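Single-structure report; data block below.
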Amino acid sequence: MNYNRRRFHVVLLLVALIIAPPALRSQNSPRVNGDRLVEHMTTIAGIGKDPAGGYSRVAYTEADRQGREYVMGLMRAAGLAVTIDAAGNISGRRAGSDPKSPVLVIGSHVDSVPQGGNYDGVVGYLSAIEVAQILAESHLTLRHPLEVLIFQNEEGGLQGSRAISGELREEDLDLATRSGKTLREGIAFIGGDPTRLAAVRRKPGDIFANLELHIEQGGTLATEKIDIGVVEGIVGNRRWDVTIEGFANHAGTTPMNQRHDALLAAAKFIEAVNRVVTSVPGRQVGTVGRIQAIPGAYNVIPGKVILGLDLRDLDESRMDMLFGKIRDEAEQIGQASGTKFSFQQVVADRPALTDPRLRQLIADSAKQLNLSTKLLPSGATQDAGSMARVGPSGMIFIPSIGGISHSPEEFSRSQDIVNGANVLLRTVLQLDSQSW
């Protein structure tokens, strides 16, 4: 019995060695150069450092352009053929042994929020470049062409990846951005050509798979001491401008029982949003993060309030259900307070599930590196969501200490960054051997 069991395990081992990519059949399979990766992170931190705190490489600013120039230099040093597409995305390509194979994409974004951290996006694109450099130094040629893709203006609405998925519209190009430029002007500023956006769009079948390494931007992995997050999907995001109309009147002469106070109705609405969203099981979130009272004077009862409602979840039908309940609550508040609620939708991003085959490869790669994993969603919108409209897409998360992101205090440990880069490298090697 023991002999048969041993023979069975030997057969399994032989099969695993036969089907594994050559680079993974050795105990000395390639690893990223962690010191070099951390050094590159230190260098990029000097670009766009904000005197007020944090890092401001806001899309279409001079700091963004300087960051992009630095990144393109690293890409060329890694042996990649670098171009800028019409949308302003940076592409670094490495030929594969089968030129007819669709491309395998890895990468992230250079731009940041104002006074942000030096990890959001940075970990992903520097690790992708490191993977390309290790492949070159190890003289390893993938079957698929490899493309390191740096998406432009992720923080301003996934504009670069939306151009690739065909979701960026002509009318969007005149929208203002945080840089002070329109989207059209910004794309031209970073070397793109907004008159040729149709050439950027990728079709299903063009991309074999897309992989993005990113910080979690939440506290789950750090709190539970998990090494790697395997992302099951990028949440959908619905946003509305909610207008509440009451009646502006003198704050000193209008009795309390005769008021139609739009701000008081708004306060009750905000509480209702929290109550509705937490009333059902699930990981959905709802936020009122913006509010404006009009006319906004001490001595005037607010006659109008405009606030921003944000709902997110992996399940589109659950967002529909929550919004229906929130709208019912608003109607009741309006009737009781003599105010009127109206909703104008301003964002309707659909959820994007990651590919289950990629999830499994990421989990397997982490396990082979003796790293623990957890399946979890991305509560933040990501370029991987847009890329999922074009082909199989996957994401790898590493811990964010304290769950802090979009802040100068954003931080991930060097070892976690190196772990994530090694999982990315190993997943790329395993993925390259797949036939889908």
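Worth pointing out:
- Test item: Cα-centred dipole of the stretch 157-316, Lys/Arg +1 and Asp/Glu -1 on Cβ, debye: 320 debye
- Note on the chain: GNM, Cα springs under 10 Å; of 204, 99, 255, the largest mean-square fluctuation is that of 255.
- With respect to the chain, whose longest principal axis is taken over its alpha-carbon atoms, helix 2-19 is tilted by about 80°.
- Nonpolar atom fraction for the stretch 324-436, defined as the carbon and sulfur part of the 1.4 Å probe accessible area, stands at 45 percent.
- The angle separating the long axis of helix 122-137 from the principal Cα axis of greatest extent in the chain is about 10 degrees.
- When the Cα positions of 66, 284, 52 are compared along the charge dipole of the chain, 284 comes out farthest toward the positive end, with charges on each C-beta of Lys, Arg, Asp and Glu.
- 240, 436, ranked by accessible area, largest first (probe 1.4 Å): 436, 240
- Distance from the stretch 189-233 to the stretch 331-390 (C-alpha centre basis), Å: 13 Å
- Among 127, 279, 91, the largest mean-square fluctuation in a Gaussian network model of the chain (Cα springs under 10 Å) belongs to 279.
- Where GluC sites (Glu not before Pro) fall in DSSP loop in the stretch 331-436, at most 13 other Cβ within 10 Å: 409
- Rolling a 1.4 Å probe over the protein heavy atoms gives the chain an accessible area of 46 Å² per residue.
- Residue 84 - accessible surface, heavy atoms, 1.4 Å probe, Å² rounded to 10: 60 Å²
- A probe of 1.4 angstrom, applied to the heavy atoms of all protein chains, finds residue 226 with accessible area near 30 square angstrom.
- A simple spin-label model places the labels of residue 223 and residue 327 3.3 nm from each other, with each point 7 Å out along Cα-to-Cβ.
- Summing Cβ point charges (Lys, Arg +1; Asp, Glu -1) relative to the Cα centre of the chain gives a dipole of roughly 1120 debye.
- Looking at the stretch 24-127, the trypsin sites (Lys or Arg not before Pro) that sit in a DSSP loop and have at most 16 other Cβ atoms within 10 Å of their own Cβ are 25, 31, 100.
- Using a probe radius of 1.4 angstrom, the carbon and sulfur fraction of the accessible surface of the stretch 37-139 is 52%.
- Figure note: 250, 144 ranked by solvent-accessible area, largest first, 1.4 Å probe, ligands and nucleic acids not counted: 250, 144.
- Between helix 34-44 and the chain there is an angle of about 40 degrees, using the helix long axis and the longest principal axis of the Cα atoms.
- Ordering 264-270, 137-143, 110-116, 320-326 by mean Cβ neighbour count within 10 Å, with the highest value first, yields 110-116, 264-270, 320-326, 137-143.
- Gain on full extension, evaluated as 0.36 nm per residue between residue 76 and residue 320 minus their Cα-Cα distance, stands at 83.2 nm.
The values are calculated or read from the model by the stated rules, or taken from the named source; none is laboratory data. Here the structure is a predicted model, which means the values were calculated and not measured. A quick note on method: Cβ atoms are made from the backbone with ideal geometry, for glycine too, and the neighbour counts reach across all protein chains shown. With ligands, DNA and RNA removed, areas are computed over all heavy atoms of the protein, side chains included. Shrake-Rupley method; radii C 1.70, N 1.55, O 1.52, S 1.80 Å.
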